[in-house]
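*Asks:* The following block contains the structure, expressed as structure tokens.
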Amino acid sequence: QVQLVESGGGLVQPGGSLRLSCAASGSIFSTMGWYRQAPGKQRELVATITSGGTTNYADSIQGRFTVSRDNPKNTVYLQMNSMKPEDTAVYYCNVKLGLLTYWGQGTQVTVSS
């Protein structure tokens, strides 16, 4: 019932930047954010943001990424700067409302020279 449309993934060189976006249909979600999964590895949290603007980041981000949201557009963003090869993964948008959780289709991010 809820559709999450992700965009912004692609190939970037080390040290470069990408901006991911995820547009959600319907209601305003309590938490919106991003997870990522590299081949053969566990899906891990990258960053989340609540409807009130409280953010949570993975330690591995080290201040390089910024999560934000536009509530009127019901869209969450992930600005990724100073990217490293280890950031290569499929990035998934995630939104929550109460006990309900929804996932985006995933977008590939590759950091390589």
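*Asks:* Quick check on the stretch 51-66: of everything there that is among the polar types (S, T, N, Q) and either in a loop (DSSP other than H, G, I, E, B) or at pLDDT 95 or above (or both), which residue is most open to solvent (accessible area, probe 1.4 Å)? Full working, then the answer.
*Replies:* Taking the stretch 51-66 first, the residues among the polar types (S, T, N, Q) are 51, 54-56, 60, 62, 66.
With the extra rule that they be either in a loop (DSSP other than H, G, I, E, B) or at pLDDT 95 or above (or both), the set shrinks to 51, 54-56, 62, 66.
Working: Ser51: 63, Thr54: 90, Thr55: 63, Asn56: 75, Gln62: 130, Thr66: 70 Å².
The selected residue is Gln62.
*Asks:* Here's something else I'd like to know. Can you name every residue in the stretch 70-113 that is open to solvent by 40 Å² or more (accessible area, probe 1.4 Å) and among the charged types (D, E, K, R)?
*Replies:* Within the stretch 70-113, Asp70, Lys73, Lys84, Glu86, Lys96 qualify.
*Asks:* Of a type in the set (Val, Ile, Thr), surrounded by 13 or more Cβ atoms within 10 Å (Cβ to Cβ), over 17 Å from Val111 (Cβ atoms) and modelled with pLDDT under 95 - does that describe any residue in the stretch 20-39?
*Replies:* Of the stretch 20-39, the ones of a type in the set (Val, Ile, Thr) are 28, 31.
Those still in the list that are surrounded by 13 or more Cβ atoms within 10 Å (Cβ to Cβ) too: 28, 31.
Still in the running and over 17 Å from Val111 (Cβ atoms): 28, 31.
Now narrow it down to the ones that are modelled with pLDDT under 95: 28.
Yes, the stretch 20-39 has at least one match.
*Asks:* Could you list, in sequence order, the residues of the stretch 4-19 that are within 14 Å of Val76 (Cβ to Cβ) and either in a strand (DSSP E or B) or open to solvent by 40 Å² or more (accessible area, probe 1.4 Å) (or both)?
*Replies:* Start the filter on the stretch 4-19 by keeping residues that are within 14 Å of Val76 (Cβ to Cβ), which leaves 4-8, 19.
Correct list: Leu4, Val5, Glu6, Ser7, Arg19.
*Asks:* Go through Lys41, Lys73, Lys96 for me and flag whichever is outside any strand (DSSP E or B) and under 19 Å from Gln1 (Cα atoms).
*Replies:* Details: Lys41 fails: under 19 Å from Gln1 (Cα atoms); Lys96 fails: outside any strand (DSSP E or B).
Unique residue meeting the criteria: Lys73.
*Asks:* For Ala47, are the conditions met, namely being part of a strand (DSSP E or B), touching a helix residue (DSSP H, G or I) at 6+ places or on another chain (Cβ under 9 Å) and either hydrophobic (A, V, I, L, M, F, W, C) or surrounded by 12 or more Cβ atoms within 10 Å (Cβ to Cβ) (or both)? Show your work before the answer.
*Replies:* On the way: part of a strand (DSSP E or B): yes; touching a helix residue (DSSP H, G or I) at 6+ places or on another chain (Cβ under 9 Å): yes; either hydrophobic (A, V, I, L, M, F, W, C) or surrounded by 12 or more Cβ atoms within 10 Å (Cβ to Cβ) (or both): yes.
So Ala47 passes the test.
The values are calculated or read from the model by the stated rules, or taken from the named source; none is laboratory data. Note that this is a predicted model, so its numbers are computed, not measured. Quick reminder, even Gly has a Cβ in these numbers, built from the backbone with ideal geometry, and neighbours come from all protein chains shown. The protein model used for the area step is the full one, side chains on, heavy atoms only, and it has no ligands, DNA or RNA in it. Shrake-Rupley method; radii C 1.70, N 1.55, O 1.52, S 1.80 Å.
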